[in-house]
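Step one of this worksheet: look at the structure below.
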Amino acid sequence: MAFAEKNLLALPPVEIAGRHLKRYHVTSDPAGIEPEVEKAAYALLPELLPSLDGTPAAGFVVLHRGGDSGAYLNAYSWVWDNVLHFGGGAAGQPALDCPDTDPTHFVRVDRSWIGCVWELPPLGHEREAWVRHMLTPETPDLAGYLADSLPSGTTGPRAGFSRA
């Protein structure tokens with residue numbers, strides 16, 4: 001099967017376990033991710049988030065619905081002022097030790113992987129947004145950070161980005 005980019009949808013932030021999280025959904029389905037998959041994924045989020053450490057309690061999540069039975073949840077949280085913590089979960093993917101092929105049965109995945117090619121596009125934007133709103137100003141602007149998301153589109157190249 002040939003590689004194809006997927007749809008990337010930026011959704012409004014949510015607050016979970018005291019942390020403000022921007023949300024990105026990745027799927028090839030133009031209808032988006034099924035509500036029951038989203039609900040199940042976000043129910044696992046508190047287990048994927050680190051303890052609060054004095055850094056403004058913010059981060060972002062990428063929920064990816066695979067082309068098969070799999071669904072993947074990547075939780076990225078800002079800690080130690082300028083470090084990105086990762087926690088991962090999956091559902092419906094026995095190769096990742098999921099107990100079955102149910103895309104709503106999320107379990108924590110303790111691997112060193114931080115995301116696949118479709119899940120990584122928000123990382124560069126989020127790094128720049130954190131620097132722009134939280135590290136550069138004299139007074140950090142959490143509301144500005146939370147309002148600054150990678151626009152919805154595809155997981156592929158965007159304006160100002162070119163492939164070598």
Quiz item: Which members of segment 86-116 meet the condition of being open to solvent by 50 Å² or more (accessible area, probe 1.4 Å), in contact (Cβ under 8 Å) with a residue 40 or more places away in the chain and closer than 30 Å to residue 157 by Cβ?
Solution: 114
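Conditions tested, residue by residue: (1) aliphatic (A, V, I, L, M); (2) more than 14 Å from residue 20 (Cα to Cα); (3) not in a loop (DSSP other than H, G, I, E, B).
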| residue | (1), (2), (3) |
| --- | --- |
| 32 | no, yes, no |
| 61 | yes, no, yes |
| 78 | no, no, yes |
| 87 | no, yes, yes |
| 90 | yes, yes, yes |
| 105 | no, yes, no |
Practice problem: Tally the residues that are farther than 19 Å from residue 13 by Cβ and crowded, with 18+ Cβ neighbours inside 10 Å, restricting the search to segment 38-60. | Solution: 1
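Does residue 12 satisfy the condition of being without any contact (Cβ under 8 Å) to a residue 40 or more places away in the chain, assigned to a helix (DSSP H, G or I), open to solvent by 50 Å² or more (accessible area, probe 1.4 Å) and under 26 Å from residue 127 (Cβ atoms)?
Values: without any contact (Cβ under 8 Å) to a residue 40 or more places away in the chain: yes; assigned to a helix (DSSP H, G or I): no; open to solvent by 50 Å² or more (accessible area, probe 1.4 Å): yes; under 26 Å from residue 127 (Cβ atoms): yes.
Taking the combined requirement at face value, the residue does not satisfy it.
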Quiz item: Out of curiosity, is residue 73 surrounded by 21 or more Cβ atoms within 10 Å (Cβ to Cβ), within 30 Å of residue 143 (Cβ to Cβ) and under 12 Å from the mean Cα position of the chain (by Cα)?
Solution: yes
Practice problem: Of the conditions (1) within 18 Å of the chain's Cα centre (by Cα); (2) among the hydrophobic types (A, V, I, L, M, F, W, C); (3) more than 14 Å from residue 26 (Cβ to Cβ), residue 135 clears all except one; give me its number. | Solution: (1)
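I'm trying to understand the selection: among the residues of segment 129-152, which are more than 13 Å from residue 81 (Cα to Cα) and either loosely packed, with under 14 Cβ neighbours inside 10 Å or at pLDDT below 95 (or both)? Spell out the reasoning first.
Filtering segment 129-152 for residues more than 13 Å from residue 81 (Cα to Cα) gives 129, 132, 137-139, 141, 143-152.
Within segment 129-152, 137, 138, 139, 143, 144, 147, 151, 152 qualify.
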Practice problem: Being surrounded by 13 or more Cβ atoms within 10 Å (Cβ to Cβ) and of a type outside the set (A, V, I, L, M, F, W, C) is the filter; apply it to segment 21-37 and report the residue that is nearest to residue 3 (Cα to Cα). | Solution: 28
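The values are calculated or read from the model by the stated rules, or taken from the named source; none is laboratory data. Just so you know, these numbers come straight off a predicted model, no measurement behind them. With ideal geometry, Cβ positions are generated from the backbone for all residues, glycine too; neighbour counts draw on all protein chains shown. We work out accessible area using only protein heavy atoms, side chains counted, and drop any ligands, DNA or RNA first. Shrake-Rupley method; radii C 1.70, N 1.55, O 1.52, S 1.80 Å.
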